[in-house]
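The values are calculated or read from the model by the stated rules, or taken from the named source; none is laboratory data. Keep in mind the model is a prediction, meaning the values are calculated, not measured. Please note: Cβ atoms are built from the backbone with ideal geometry, for glycine as well, and neighbour counts cover all protein chains shown. Heads up: the accessible areas ignore ligands, DNA and RNA and are worked out on the full protein's heavy atoms, side chains in. Shrake-Rupley method; radii C 1.70, N 1.55, O 1.52, S 1.80 Å.
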Amino acid sequence: MKTHILVVEDEEKLARFIELELMHEGYEVSKAFDGRTALSMASEGQYDLILLDIMLPGLNGLEVLRRLKNGGSHSTEDGAFANAGAGVQDTPVILVTARDAVMDKVSGLDQGAVDYITKPFAIEELLARIRVALKLHSKREVYQRTLQGGDQSDVSGNGTDHGTFNNSASLREGSSVTDIASGQSASRINPEEGVYIWKNLELNEKKRTVTYEGHEINLTNREFLMLMTLLANQDIVLSRDTLLEKVCGYDYMGETNVVDVYIRFLRSKIDEVFGIKMIQTVRGVGYVIKSE
């Protein structure tokens, strides 16, 4: 059976061009030209991957993505609403964005997109990103099947957040966040218990919580993983590429400036709120949390 891809693009000429290129590569292709149609088709059909433009009429791509990943509803022809099927929540989505839309990229990744590509793009790059996304999805399906007989709570955090599960799986399919460094102080890092401490800040991996002096800090999935990676490797400068590998997976092909955006979010939620300087920038290299 051919791999089935849903192309969601309001520029019909571009959609047709992508369709022809994908068909030439042996994929089966369906097209949608607006957000509501895309949501309906994605919810009712069986697709192996969705290529989703952000700037769409009706519903924008980020809203379509949010509803799909959250099992949201879509309008039917008679005005009623139907729920998206459970299977579509796990379908990999690649976003198509404007070149300077960094916040759209971050928002889309946080909502569950596996990758993004910016316009204008070379078709060879698009095909490569599709191959990687499909390969990663296949690996995750195999990984999930190996866990079906056991307790998945340590992997997924709460067992219901698809974004958290996929991100955590990416870490475990490669190496753990503590593989970079060894010999850390047991009072600061206890990987067996899933507890990472820096001064008055504590991150609990199993409980999926971050607190500072008892005050809870709400983080997105990737912000949580970014912070955990830095805490697990205190006093070691981690490059942007390394942080991308640990948080997004070894096959991630996005731009490294996404790391800068997540660091800025972490600083706004922790450093600026509590008046501390936790994450330090090493110019030309990356980021570090110093133990002292």
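Split the accessible area of segment 196-292 by element, probe 1.4 Å, and carbon with sulfur accounts for 44%. For the pair Glu193 and Leu127, label points projected 7 Å from Cα toward Cβ lie 5.3 nm apart.
Just flag the trypsin sites (Lys or Arg not before Pro) in segment 206-292 sitting in loop per DSSP whose Cβ has no more than 14 other Cβ atoms within 10 Å. Could you put the intermediate results ahead of the total?
Numbers: sites: Lys206, Lys207, Arg208, Arg222, Arg240, Lys246, Arg264, Arg267, Lys269, Lys277, Arg283, Lys290; in loops: Lys206, Lys207, Arg208, Lys277, Arg283, Lys290.
Listed in order of number, the matching sites are Lys206, Lys207, Lys277, Arg283, Lys290.
Can you tally the net charge around Leu22? Count Lys and Arg as +1, Asp and Glu as -1, for every other residue whose Cβ sits under 13 Å from the Cβ of Leu22. Result for the local shell: -2. Leu39 sits among other residues whose Cβ lies under 11 Å from its own Cβ, and their net charge, with Lys and Arg +1 and Asp and Glu -1, is 0.
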